[in-house]
Amino acid sequence: MNKLLEDLIKVMTLERLEINLFRGESRDIGSPQVFGGQVLGQALVAATATVENRVVHSLHAYFLRRGDCDAPIVYEVDRARDGRHFSTRRIVAIQHGEQIFNMSASFQIPETGLDHQISMPDVPPPDNLADLESYYRGLLPQLPEKLRRQVELKRPFEFRPVQHPNYIQPEKLLPLKNVWFRAVGKLPDDEALHRCLLAYVSDFHLLDTAMLPHGVSPLNSKLIVASIDHAMWFHRNVRVDDWLLYAVDSPSASGARGFTRGSIFAQDGRLVASASQEGLIRRIS
C-alpha cells in the first residue's frame, strides 16, 4: 500500500481505552490547528466501532475549539439508541480536558427502497485535468510561506480541479467549484473504512467556495477563517480510491459566516454522498 495511505489509516486506527472510549493521534498538514477532516474521520471511526451490521448514513458535527496537533485526542461515544433498523451515536472529542468537537451520527441496516438522484455536472473527466499539486509546484516561488508549506506536504489524496484557484491574485467568480479527487493508492474492500475516509476528505474545498464571489483569498491576513459545523449524508456505496467529483456551491454568505454545500459523485454518475458546512469568515482591521 502507498506509504501516505498507510499513515492515514494508522491515524484513523484508534486505540480503544474502554468500551466507549478511544484515543487518536494527529498529523500536521500545514494548517495552524488539527485538520477538521481528521477529527471528523476519527470520530466516525470511534462511533463505527460501537455498531454492528449497520453503516453510517448521516452525521452532524460542530467544531468547538482548535485542536492541538502535538497532543492526542480522546473520543467518548454515547450509545444513544439501538433500534430495529437504526442506531444513533453521540461523540465528543476531548483534548487538554476540554471539548474541541462533538458529533451525532446515525447508522442503518442496509435496505432497498425508492431510488432517484440529481445528475452529475457535465465537466471534463479527471484524465484531462492537471493535479493541484503540480499546478502549485509551478507557482512555488510566488506563493507566501503559509501556502508554500501546505503545498510542499504530500497528501494521501490527489485533487484535480476543473477550475484552478488563484490565491495570489483572486478574481470575483461565481460561488461554484468542481474538483475530482481520489486516494493516491488502492485501499481494502471495507465500506466502513471508505465512508470514514470520505468524511476525512470532505473537509477540503468547501469553505473557500464562499469567498469566490468576493475576490478574496483564504490566505488573506485580514480574514479569520474557520469551520463552525459540518454535515454529511451517505447515499450509496463508495470507494475513495476511485475518482469522485466534488461539486460545491455557496448559496449564501452573511453575518461573518459562509455557507457551502457539496454533492459527491462517482465517475459513473452515481451520487454517493452530500455535504454541507458553515464557517466563520470574519474581516479584521
message: If a residue must be of a type in the set (S, T, Y) and either closer than 14 Å to I228 by Cβ or buried (at least 23 other Cβ atoms within 10 Å of the Cβ) (or both), how many such residues does region 253-264 contain?
response: 2
- request: Taking D208 as meeting all but one of (1) of a type in the set (D, E); (2) in contact (Cβ under 8 Å) with a residue 12 or more places away in the chain; (3) farther than 19 Å from H164 by Cβ; (4) not in a strand (DSSP E or B), write down the number of the exception.
  value: (3)
field: Selection from region 114-144 of residues that are surrounded by fewer than 15 Cβ atoms within 10 Å (Cβ to Cβ) and closer than 30 Å to I73 by Cβ
entry: P144
query: What number of residues within region 39-60 satisfy the criterion of being farther than 18 Å from W233 by Cβ and either surrounded by fewer than 16 Cβ atoms within 10 Å (Cβ to Cβ) or in contact with a helix residue (DSSP H, G or I) (Cβ under 6 Å, 6 or more places away or on another chain) (or both)?
result: 3
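Please return the ranges of strands (runs of 3 or more DSSP E) entirely within region 1-96 where 3 or more residues are under 20 Å from I109 (Cα atoms).
Hits in region 1-96: 55-63, 73-82, 86-95.
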field: Residue within region 104-113 that is touching a residue at least 12 places away in the same chain (Cβ under 8 Å), surrounded by 17 or more Cβ atoms within 10 Å (Cβ to Cβ) and under 19 Å from D203 (Cβ atoms) present
entry: yes
- line: G97 vs (1) under 24 Å from S276 (Cα atoms); (2) of a type outside the set (V, I, T); (3) without any contact (Cβ under 8 Å) to a residue 12 or more places away in the chain: all pass except (1)
- prompt: Of all residues in region 224-244, how many are farther than 20 Å from L40 by Cα and either in contact with a Pro (Cβ under 8 Å, 6 or more places away or on another chain) or free of Cβ contacts under 8 Å to residues at least 12 places away in the same chain (or both)?
  reply: 1
Residue, farthest from the chain's Cα centre (by Cα), within region 29-71, restricted to residues that are hydroxyl-bearing (S, T, Y) and modelled with pLDDT of 95 or more: T50
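The values are calculated or read from the model by the stated rules, or taken from the named source; none is laboratory data. This is a predicted model, so every value here is computed, not measured. Neighbour counts run over all protein chains shown; Cβ positions are idealised from the backbone, glycine included.
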